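Asker: First the structure, which I've put down as structure tokens, then a few questions once you've had a look.
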Amino acid sequence: MNPRIDKLVRRTTVVATVTAAYFFLTADYGPEPNVLDPIKKTILSAERSVKEFIFGPEK
């Protein structure tokens, strides 16, 4: 397999695994503050960054 594609697949797998684990861990907590809030903030920040990269900054 092409090394660039292999690297992309590995990174995508890691991100998907971390995201799934986060949702499984927080499924029972609901909106209450918990120890995983920093992870949630990081995921939301990454989501905003990707959206800004693809669609440009909001005006």
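The values are calculated or read from the model by the stated rules, or taken from the named source; none is laboratory data. These numbers come from a predicted model, not from an experiment. All Cβ positions, even for glycine, are placed from backbone atoms using ideal geometry, and neighbour counts span all protein chains on display.
Asker: Can you run down the residue pairs with Cβ atoms below 9 Å, 6 or more apart or on separate chains, where the first is in segment 3-31 and at pLDDT 90 or above and the partner is assigned to a loop (DSSP other than H, G, I, E, B)?
Answerer: Sorted first by the residue in segment 3-31, then by its partner, the pairs are V9/M1.
Asker: Scan segment 1-51 residue by residue and report those that are among the polar types (S, T, N, Q), part of a loop (DSSP other than H, G, I, E, B) and surrounded by 10 or more Cβ atoms within 10 Å (Cβ to Cβ).
Answerer: N34
Asker: Is it true that some residue in segment 14-31 is more than 13 Å from the chain's Cα centre (by Cα) and polar (S, T, N, Q)?
Answerer: Checked segment 14-31: at least one residue is more than 13 Å from the chain's Cα centre (by Cα) and polar (S, T, N, Q).
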